[in-house]
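A quick write-up on the structure given underneath.
The values are calculated or read from the model by the stated rules, or taken from the named source; none is laboratory data. Here the structure is a predicted model, which means the values were calculated and not measured. In this analysis, Cβ positions are derived from the backbone assuming ideal geometry, glycine residues included, and neighbour counts consider all displayed protein chains.
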Amino acid sequence: MLGTLNKKMGCFCFFHESRWPGNSYGRRLMLRRSRVLLGRIFRVRTFGRQLAGIRLTENQTFAFMAVVIGLVGGLAAVAFHYLIDFLSEEVFGRLADWSDGLGAFRYIPGIVIGGLLVGPLVSRAASEARGHGVPEVMEAVNRRGGRIRTRVAYVKAVASALTIGSGGSAGREGPIVQIGSALGSTLARLFRMSDRRRSTFVAAGAAAGVAAVFNAPLAGVFFALEVVLRSFTARGFSTVVISAVAANAVWRVLVGDESVLTAEVHHLVHPTELIFYALLGVVAAIVAVGFVRLLYFVEDRFDALPVLADFRPAIGALAVGILGAISFDLLGSGLSGIDKALAGEFAFRLLLLLLLGKMLATALTLGSGGSGGIFSPALFIGALLGSAYGQIVHELFPTSTAPAGAYAVVGMAAVFAAAAQAPMSSIFIVFEMTNDFGLIMPLMAACAAATVAYTAIKKDSIYEVKLRRKDALGPTPSEGDHLMSQVALVGAAEAKYAATLRTASLRQAIEIMKRGREEMLLVVSTDRALEGVAYLRDAEAKLAESPDGKILEVVRDDHPVAHPGATLEEGMQMLENANTDLLPVLDWNDRVLGVANRVSIVKAYETSEPR
């Protein structure tokens, strides 16, 4: 453990780094050198508050970090976008042209090759890159303090680009969320942020990715808050907003400002039409439940196959390629198929066939171990459902209902809102992807109905199902929870504190306390384990009796202490019960991490999000 040792009269003060990654000497040396390099470039101190010689407040530091994560996340989204386009057009597109003799099956060689490449890459380099990625980000926030391996960003980018570019039925949302989150986690680790702050920057990275790749900054913000953090706080909101805006600015400069989808502008024809939109939300919830169950049913079947994990994505890809022979729209993310559904180019029977086919193709792609998101496929499924539903409603009530295209727009949002339990994200992303602001009330009615109806049938969202299976689903913050009982006391432990070795004399200890205007002093062993607490009044009284006495003679071992599991509420209660001003915070080996007091606890309460 690193520390600054002030050897004067045999006494010292620790400046403690509460979290030190890894135990190997090589890793310590590497991280130490990287921090020295960062310090020389940025002159960064604890939490990065002093930057380039300018002392920043904590809020300014958060804003600066959010901008950095947004810029990096935006560049990553641009690179990911062009990588997918390159593989789709220049690699697998050319391979399909060379396989033109296979007719409708010409896409099978490319998609199978993509699966053969993805399998070993995911299973051997980073297993977190398998599937749709968002549950892994949520698990990192819930269980690991936002820690995500840096390699996940690279592996996820390549694996997802291969899956989507070769024709796998998956979207870009899951990959870019995981990529952005991994970059946010890495930057927070380099700047030595706490777990609580790191989780906020993980969410900022997710917001940056969504805001950039879908050209939808509002959707990125609400996705990060609704799905990743699962809480709304002032600090978290401002951080993800800044990150989303910065990432979206990068996207617009380097890629363009065009909407992802092209759709006719619609409006509410008659107030009674809201009933039909609400009913569409209920139907969308039923379809979403079926989609979630099918996805995990297929995943379980592939996990049970007596085949190496390296080859399972290729088997799923082969099945998807066969489905693609029925309709090319079943391959890829489905964004081009959404445009057709919004324009009313599909007949009613074909809509139903594609709906079932897309659900199965997505389940095969992701359930077999392919890498990609469920967002775009869910939008396509919703557009198909909404278009079919709209054709029926408009046929029955032609004068009081909008055309099928309006219901396709609303169906997109409703299916994803139900499956992901993210109504706000769904509403805003459909707004921003279609630029259709005339359906605000129908979207709100359908998404609200879909969210409620889904929870009446199934408890967990499509992301939470995976976490519950791994027992990695953290508690959902509720309005009745008190923030003091959710935030770890470790965050309030000040790293600088007065301490002395157990071998110090009474005179040395008294001089330290008087010089620092302290009423108490920690007495520790050479390995920083707490021996007890000595008070100034006790030391002075003992010194009058024994001028050559040692500090151990007046040490109290009944002083309250806290360990890493304690919360701010428990720490404040300990201070009140003991009628003391300082509370030592120890690790599980009774080594001192820092000292908390009422001021530091209140400050941590005001600046923290729930753990």
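When residues of region 316-355 are filtered for being over 33 Å from the mean Cα position of the chain (by Cα), of a type outside the set (Phe, Trp, Tyr) and not in a helix (DSSP H, G or I), how many remain?
Residues flagged as over 33 Å from the mean Cα position of the chain (by Cα), of a type outside the set (Phe, Trp, Tyr) and not in a helix (DSSP H, G or I) within region 316-355 amount to 6.
Go through the residues of region 253-266 one by one and say whether even a single one is at pLDDT 85 or above, over 14 Å from residue 411 (Cα atoms), within 26 Å of the chain's Cα centre (by Cα) and part of a helix (DSSP H, G or I).
Looking through region 253-266, at least one residue is at pLDDT 85 or above, over 14 Å from residue 411 (Cα atoms), within 26 Å of the chain's Cα centre (by Cα) and part of a helix (DSSP H, G or I).
Only one of these conditions is not met by residue 154: (1) more than 17 Å from the chain's Cα centre (by Cα); (2) within 27 Å of residue 248 (Cβ to Cβ). Which number is it?
Result: residue 154 passes all but (1).
Six or more apart or on different chains, Cβ under 9 Å: which pairs go from a residue in region 238-251 that's in contact (Cβ under 8 Å) with a residue 40 or more places away in the chain to one that's surrounded by fewer than 24 Cβ atoms within 10 Å (Cβ to Cβ) and of a type in the set (S, T, N, Q)? Could you list them?
238/59; 248/215; 251/215
Working carefully through the options 120, 109, 135, 175, find the one that is farther than 30 Å from residue 564 by Cα and under 14 Å from the mean Cα position of the chain (by Cα).
Only one candidate passes the filter, namely 175.
Taking residue 127 as the residue in question, decide whether it is farther than 21 Å from residue 303 by Cβ and out of contact with any His (no Cβ under 7 Å at 6 or more places or on another chain).
The answer is no for residue 127.
Which ones in region 397-449 are out of contact with any helix residue (DSSP H, G or I) (no Cβ under 7 Å at 6 or more places or on another chain) and under 22 Å from residue 358 (Cα atoms)?
433
If I ask for residues that are part of a strand (DSSP E or B), among the aliphatic types (A, V, I, L, M) and either within 23 Å of residue 578 (Cα to Cα) or not assigned by TED's automatic domain parsing to the domain that holds residue 570 (or both), which ones from region 490-543 would you list?
498, 499, 520, 521, 522, 523, 524, 529, 530, 533, 534
If we scan region 20-34, do we find a residue that is modelled with pLDDT under 50, hydrophobic (A, V, I, L, M, F, W, C) and crowded, with 18+ Cβ neighbours inside 10 Å?
Taking every residue of region 20-34 in turn, none turns out to be modelled with pLDDT under 50, hydrophobic (A, V, I, L, M, F, W, C) and crowded, with 18+ Cβ neighbours inside 10 Å.
Could you tell me whether region 284-293 includes any residue that is modelled with pLDDT under 90 and either within 30 Å of the chain's Cα centre (by Cα) or not aliphatic (A, V, I, L, M) (or both)?
Residues of region 284-293 modelled with pLDDT under 90: none.
Looking for residues that are modelled with pLDDT under 90 and either within 30 Å of the chain's Cα centre (by Cα) or not aliphatic (A, V, I, L, M) (or both), one finds none in region 284-293, hence no.
Could you give every pair whose Cβ atoms fall below 7 Å, whose first residue belongs to region 521-533 and is surrounded by 20 or more Cβ atoms within 10 Å (Cβ to Cβ), and whose second residue is among the hydroxyl-bearing types (Ser, Thr, Tyr), counting only separations of at least 6 or pairs across chains?
As it stands, the answer is 521/500; 522/497; 523/500, since those pairs meet every condition given.
Give the number of residues within region 434-468 that are of a type in the set (Ser, Thr, Tyr), assigned to a helix (DSSP H, G or I) and crowded, with 16+ Cβ neighbours inside 10 Å.
Looking only at that region, the number is 4.
Considering only residues of region 544-570 that are among the hydrophobic types (A, V, I, L, M, F, W, C) and in a helix (DSSP H, G or I), which is surrounded by the fewest Cβ atoms within 10 Å (Cβ to Cβ)? Working first, answer last.
Here is the first cut: in region 544-570, the ones among the hydrophobic types (A, V, I, L, M, F, W, C) are 544, 551-552, 554-555, 561-562, 566, 568.
This time we only want the ones that are in a helix (DSSP H, G or I), so: 544, 551-552, 554, 568.
On the way: 544: 9, 551: 27, 552: 16, 554: 24, 568: 26.
Top of the filtered list is 544.
Of all helices (runs of 4 or more DSSP H) completely enclosed by region 44-141, which ones contain at least 1 residues that are assigned by TED's automatic domain parsing to the domain that holds residue 329 and modelled with pLDDT of 85 or more?
Qualifying helices (runs of 4 or more DSSP H): none found.
Would you check which residues across region 464-486 are aliphatic (A, V, I, L, M) and at pLDDT 75 or above and list them?
Restricting attention to region 464-486, the residues satisfying the condition of being aliphatic (A, V, I, L, M) are 465, 467, 472-473, 483-484.
465, 467, listed by residue number.
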